[in-house]
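Structure first, then comments.
The values are calculated or read from the model by the stated rules, or taken from the named source; none is laboratory data. Worth saying up front: this structure is predicted, and the values here are computed from it rather than measured. So basically every Cβ, Gly included, is an ideal-geometry build from the backbone, and we count neighbours across all protein chains shown.
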Amino acid sequence: MAEVWASVCGPVASEIPLGLPLSRESPQLCIELGAPVDAPADFEVVAAGRERFRMSLPEQAVCEIDMGRARIRVRPAAGIDLEALGDIVVDHVLPRIKGERTFCLHAAAIACGGRAYALAGPSGAGKSTLALRLARSGAELLGDDCAAILAGRVLPTFRAARVRPESLPGLDSRRFEPDTSGKARLGPRQGVRIASAPVPLAGIVLVGARARPLTVAESVPLLAAQRFHLHARSPRALLDETLELLDQHGPVCEVDRARWSPASCEG
């Protein structure tokens, strides 16, 4: 029997354990576990109909997505365990589905004093580490891998964060059992405050090594490269949405990952 989980897409009934809080609400999306497939070699999203997509995740799974019926069939590659499969769905599939209705960034997000900040950057930039440091120091975690922005607010993703234990100073790695990706899960028991309601977006920052404002010409390709979606809309529509977001919440600023805090943006 599928359990219902609270996710960035709302309540999700899933036959795959997602590692999210359970929800008592009626599901808005159903996830089925399908028959195994040969491991795909490359990432690919192919439209299979008006609201149907086939997403290939390298060496991991093939996901058959039916937006009209609000249903996903996940067909794993051989050797993928259910815990890893759940992380794949939460990290890669649900954000892209949500990205068809909202502006979803591959970014961490934190809230402080009623203001939210999206922490963008490529994989390995330190987004999760910075977000967790702040969420253990008074801020609230909205998400460590997805910032879903709707009507000027960042929606919570309802999951504990995952980080490599050695990347967070002051974290005793001996207290945690790493998952299949080698990361430890941190939540309220480890002092991480997790937001439960949307928070108005105050700005987008690029996690880097220096403090500087980015130009629009620099910001547009950055946001385009870090955006989750299913490629269902035209490039022009995606560009217009990016420019609108920058007009409302820009400019994007690069910040020093070792020094930045929301307090530095006040005033």
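List of remarks:
- Every pair of residues 6+ apart whose Cβ atoms lie under 6 Å, when the first sits in the range 70-83 and is in contact (Cβ under 8 Å) with a residue 40 or more places away in the chain and closer than 14 Å to Leu18 by Cα while the second is part of a strand (DSSP E or B) and small (Gly, Ala, Ser): Val74/Ala61
- Any hit, the range 117-127, residues being out of contact with any Gly (no Cβ under 8 Å at 6 or more places or on another chain) and aromatic (Phe, Trp, Tyr): no
- The condition (being loosely packed, with under 15 Cβ neighbours inside 10 Å, modelled with pLDDT under 95 and either of a type in the set (S, T, N, Q) or in a loop (DSSP other than H, G, I, E, B) (or both)) is satisfied by just one residue among Gly19, Gly68: Gly68.
- The residues in the range 22-44 that are within 19 Å of Leu230 (Cα to Cα) and buried (at least 16 other Cβ atoms within 10 Å of the Cβ) can be counted, and the count is 4.
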